[in-house]
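Engineer: First the structure, which I've put down as structure tokens, then a few questions once you've had a look.
Computed from the coordinates by the stated procedures, all read-outs in this text should not be read as laboratory data. Bear in mind that the values here come from a model prediction, so they are computed numbers and not experimental data. Cβ placement follows ideal geometry from the backbone for every residue including glycine, while neighbour counts extend to all protein chains displayed.
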């Protein structure tokens, strides 16, 4: 199963990342979505899309007419995948210095944990569960350009690759 992992779009999505969404089975958004158009662009290629609510997913920060949508996003979720469970939360509930330990205590049975909030791309497969932060797939604080992760989940193992894309075109 191929999984695209994104976070921190804040209402904008790089077109190159939207294209990658058309090549996967599942898209996981780690919060701070910012607009329904982001979720629609990620789903346009036919993949199932799941997302959690981030600290900026508030009625006041979404476009007019979409104020009720952020409340429909869960604060956390767990996705059963071939070979294990992928846990997802935005990560803002824990302070940065202790965030990784907090996440690992919160989801000890997961194979990997997706979080956002920092806008910093991170793949930590040294500890268990793995910690995966796709960075920012939108326009705000990308630290080198919009980024995402591609996860290949098989019953016998998982592989993850980081992707940084050009910010010259936007899907929304």
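Engineer: At a threshold of 8 angstrom on Cα-Cα distance, excluding pairs fewer than six apart, so keeping six or more, what relative contact order does the chain reach in percent? Each step should come with its number before you reach the end.
Structural biologist: On the way: 464 pairs, mean separation 48.1, N = 172.
Relative contact order, the chain: 28 percent.
Engineer: For region 66-130, just say rounded, prolate or oblate: build the C-alpha gyration tensor, square-root its eigenvalues into a ≥ b ≥ c, call rounded for a/c under 1.5, and beyond that prolate if a/b exceeds b/c, oblate if not.
Structural biologist: Details: a/c = 2.04, a/b = 1.30, b/c = 1.57.
Since a/c reaches 1.5 but b/c is at least a/b, the shape of region 66-130 is classed as oblate.
Engineer: For residue 170 paired with residue 66, estimate the spin-label separation in nm (one decimal), with each label point 7 Å from Cα along the Cα-to-Cβ line.
Structural biologist: Between residue 170 and residue 66, the simple spin-label model gives 1.1 nm.
Engineer: Looking at the chain as a GNM with Cα springs under 10 Å, which of 42, 132, 81 has the largest mean-square fluctuation?
Structural biologist: Ranking 42, 132, 81 by mean-square fluctuation puts 81 first.
Engineer: Mind jotting down the distance between the C-alpha centroids of region 1-77 and region 118-172, whole Å?
Structural biologist: Their Cα centres are 14 Å away from one another.
Engineer: Can you compute the modelled spin-label distance between residue 124 and residue 159, with each label point 7 Å from Cα toward Cβ, in nm?
Structural biologist: Reported label-point gap for residue 124 and residue 159 is 2.5 nm.
Engineer: Sorted from fewest to most neighbouring beta carbons within 10 Å, what does the list 147, 118, 166 look like? Walk me through the numbers on the way to the answer.
Structural biologist: Values: 147 25, 118 18, 166 10.
Ranking 147, 118, 166 by Cβ neighbours within 10 Å, fewest first, gives 166, 118, 147.
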